[in-house]
Amino acid sequence: MKTNEILKPTFWKVVSVMIVTMGLFSTYFRFSRGLGATTNLVDTAPWGLWIGFDFLGVGLAAAGFTIAATVHIFNIHKYEPLVRPAILTAFIGYSLVVCLLVVDLGRPENFWHPLVMWNIHSVMFEITWCIICYTTVLTLEFAPVVLEKFKLKAPIKFLKIISIPVVIAGVLFSTLHQSSFGSLYLIVPGRLHPLWYSSLLPVHFYISCIAAGLSMIIFESYQTARAFTEENGFHNTGLKMDILSGAASVVLIALIAGFLLKIYDFLNNGKLIYLTIPSTETYLFYLEIVVGTIVPIYLLSYRKFRKDKKWLYIISICVISGLILNRLNVSITGLAASSGVNYFPSFDEISITLMLVVLAIFAFKLVVKNFPVFVGEEEYEDTVNGKSANESKQIILSE
Amino acid sequence: MLKEKGILFDVTLCVGCGSCYQACKEKNNLPQTNKDFLKDHLSNNTFTVVEQYGKMYARKLCMHCNEPSCVSVCLVGAFNKNVTGAVLYDADKCIGCRYCMQACPHKIPRYEWGTTQPRVRKCTLCIDRVKAGKISACSEACPTEATLFGDMDQLVAVAKKRLKDDPEKYYQQIYGLEEAGGGHVLVLSPVPFEQLGYTSKLSKEPMPAFTMRAMEKIPPVVAVGGVFLSGMYWLTKRKNQIANEEKKTTNGNKEI
């Protein structure tokens, strides 16, 4: 790419540079002045936007383990083209989460303490270790893509040998910490609003992350397809409509499972009464359920919506919004009433978060541009059978 | 060997003089935070407060739980339960995740938000004084014996005796004996405790039990999950292999 092309200002480039600049200033203030001066956190609301955002970051990065398991453990190779985007998403998502965690820590210089100081009874300890291990797994899973580019064959061979145990470990680590984010709140039955508090919180978190993680991949595929069609032509990538429809079916199953579990939870614990009490929490709960569960279930149950790329894109946005609402409700809104303060994130909290999001998107684009992430399956398709390539509609967006 | 120590606070005896508040500040070298001690609240510079409810006064401080949430949730073990019964914090271990503040059923731990080296702050049950054979600063300062310091078993006996001897005077409950699994600060009051701002409706079960029920499922999930995934890998691979072989043979047959 030519330098003047990079420097050519577009709307998003200007906005991104502004956000990152503001974020850097905020980061400087955060570390030089402390949490009190730069956040709206108080003693009764000690966790805020940053922790909430960690929740969604991890939830939305969940496709890393589901797709890897589908392809490498269940040997459904149709989904192979989704593996690399999913792992890259997970890797970048987790990097973002780790950065934000360090920003949020009161004593960031002690971030390494969990490595040597252990309390195995702490959910937080388990999550920390799972995130460390899983980020290692993601590095190993994505390494071949980088090594391929530089034509290093020996390490790729070695990674191939250990690949199956690595994938299995990744699935287990993910299962544990995805659910454990819900377990964090098991110890506050008196604080978290009963609409969200449940002894099944870990299961709710696990099921919802599967649906949202896959939706994130559908969303990204659509975005990438749009970006690539303009430049290189998207038919070079292996993303086919039937693959995304297949992923959407899994989203549907996960959403229904999650919804049934919620119904069971409400009936079993006599929580239905809370649905009739008018309050901010109730409205937010309805919003979360309608946008994130009911609408997507309704739309996905129609074949024509499942097969249509534009509708899939809209549905994926719904499911992602549902997860974002859910995690923020659990970590912020659901605790507001019992804390007695109305927490709203400060400018610095928001600007640091936005900066990291912009950097994550930038990193994703950069890697996708320079490494074979959305790999062409063309050669493979052509040699094996030309028929299936015609059958499956490619997502090209120029209509 | 030290016996487990604790505090018994009796609302009916408290006159709201603020001696305990002042003694706590002096003992812990804490700066003044409010001219009117009755209007002050717990903070990084205030480990105990006296709150006014009509003609009654209620003290708030760390309850030094038997099975403390803060000890169980802290990932680096910066909190521990001392043999004296005190729940203590070690700032050198702390990474500042503030899960302890989120998890405490009594909402006690406070944070030094204003510094770049923040610590979690709360009552230590005067651990240094107790180790030196003295009683806590607040109970020493109390002119009416509303705050008693002593061995836990004796305090429980005293509290039970008071409830029994004067059933008209007291609401028949020892707050802190069973709440959230019980702790080392007991409270007696003439009225139900939620009227004095104490967290009510706490389970009698220690809070860490809520987490343990989920945590104890981890080993079986890992074991079953590991076996299941390995099994599925082997099975589906074998299935694909057989399918491929069959394809080859049928293709060959047709050609012949």
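Here are a few things to note about the model shown:
- Whole-percent carbon and sulfur share, accessible surface of chain B, 1.4 Å: 55
- Solvent-accessible area lost in complex, 30 Å² minimum, residues of region A:25-67 relative to chain alone, 1.4 Å: A:L35, A:G36, A:D43, A:P46, A:W47
- Short-range pairs are left out: with C-alpha atoms under 8 Å and at least six residues apart, the relative contact order of chain A is 29 percent.
- Per residue convex hull volume, Cα atoms of region A:6-80, in Å³: 175
- Percent carbon-and-sulfur accessible area, region A:251-374, ignoring ligands, DNA and RNA, probe 1.4 Å: 73
- Sorted into 10 angstrom bins from 0, the C-alpha pair distances of region B:1-153 split as 11, 40, 37, 12, 0 percent.
- Cα centroid of region A:283-333 to Cα centroid of region A:61-87, whole Å: 22
- The ratio of the alpha-carbon radius of gyration of chain B to the globular-protein estimate 2.2 N^0.38 Å is 1.52.
- Inter-centroid distance (Cα atoms) of region B:135-196 relative to region A:176-228, Å: 44
- Phi angles across region A:66-79 convert, under the Karplus curve 6.51 cos²θ - 1.76 cosθ + 1.60 with θ = phi - 60°, into 3J(HN,Hα) values of 5, 5, 4, 5, 4, 7, 8, 9, 8, 6, 9, 6, 4, 8 Hz, Gly and Pro given as x.
- Amide hydrogen neighbours beyond the local backbone of B:V49, cut-off 5 Å, H modeled: B:K60
- Kirkwood Rh and Cα Rg combined as Rg over Rh, evaluated for region A:124-224: 1.11
- Computed over region B:89-192, Kirkwood Rh from alpha-carbon pairs, angstrom: 16.2
- To the nearest ten degrees, helix A:11-33 and the longest principal axis of the Cα atoms of chain A are 40 degrees apart.
- Taking chain B as a Gaussian network of alpha-carbon nodes connected by springs under 10 Å, the highest mean-square fluctuation of the residues B:Y233, B:Y99, B:Y89 belongs to B:Y233.
- For region A:152-180, heavy-atom accessible area (probe 1.4 Å) falls by no less than 10 Å² from the chain alone to the full protein assembly at A:I164, A:I168, A:V171, A:L172, A:T175, A:L176.
- Where chain A is the region considered: accessible area per residue in Å², 1.4 Å probe: 45
- ³J(HN,Hα), Karplus 6.51/-1.76/1.60, whole Hz, each residue of region A:46-57, x for Gly, Pro: x, 10, x, 4, 5, 5, x, 5, 4, 4, 6, x
- In a reduced charge model with +1 at each Lys and Arg Cβ and -1 at each Asp and Glu Cβ, region B:169-256 shows a dipole moment near 500 debye about its Cα centre.
- Across region A:356-369, computed HN-Hα scalar couplings (Karplus, 6.51 cos²θ - 1.76 cosθ + 1.60, θ = phi - 60°) run 5, 5, 4, 4, 5, 5, 4, 4, 4, 4, 4, 5, 4, 5 Hz from first to last residue, x flagging Gly and Pro.
- Listed residue (B:Q22, B:T199, B:T144) projecting farthest to the positive dipole end of chain B, Cβ model: B:T199
- Summed over both chains, the contact between A and B buries some 4500 Å² of accessible surface at a probe radius of 1.4 Å.
- Net charge dipole size for region A:1-92 [Lys, Arg +1 and Asp, Glu -1 on Cβ; Debye, nearest 20]: 340
- Under the criterion of Cα pairs below 8 Å and six or more residues apart, the relative contact order for chain B equals 24 percent.
- Three principal axis lengths of the protein assembly as shown [C-alpha, angstrom, descending]: 105, 56, 51
- Highest mean packing comes first when the peptides B:130-138, A:271-279, A:85-93, B:156-164 are listed by Cβ atoms within 10 Å, giving A:85-93, B:130-138, B:156-164, A:271-279.
- Crossing angle, helix A:80-104 versus chain A [Cα axis fit, 0-90 degrees, rounded to tens]: 30
- For A:D43, residues with placed amide H under 5 Å, excluding near neighbours: none
- Tail beyond 37 Å, pair distance distribution of region A:40-345 (Cα, percent): 17
- Pairwise Cα separations in region A:1-138 fall into 10 Å bins from 0 onward with the following percentages, short to long: 10, 28, 31, 22, 9, 1.
- Dipole of chain A computed with +1 at Lys/Arg Cβ and -1 at Asp/Glu Cβ about the Cα centre; of A:S221, A:S279, A:L115, farthest Cα towards the positive end is A:S221.
- Within region A:139-189, the trypsin sites (Lys or Arg not before Pro) that combine a DSSP coil assignment with at most 12 other C-beta atoms in a 10 angstrom radius are A:K151.
The values are calculated or read from the model by the stated rules, or taken from the named source; none is laboratory data. None of these values were measured; they are calculated from a predicted model. Virtual Cβ from ideal backbone geometry, glycine too; neighbours counted across all protein chains shown. The protein model used for the area step is the full one, side chains on, heavy atoms only, and it has no ligands, DNA or RNA in it. Shrake-Rupley method; radii C 1.70, N 1.55, O 1.52, S 1.80 Å.
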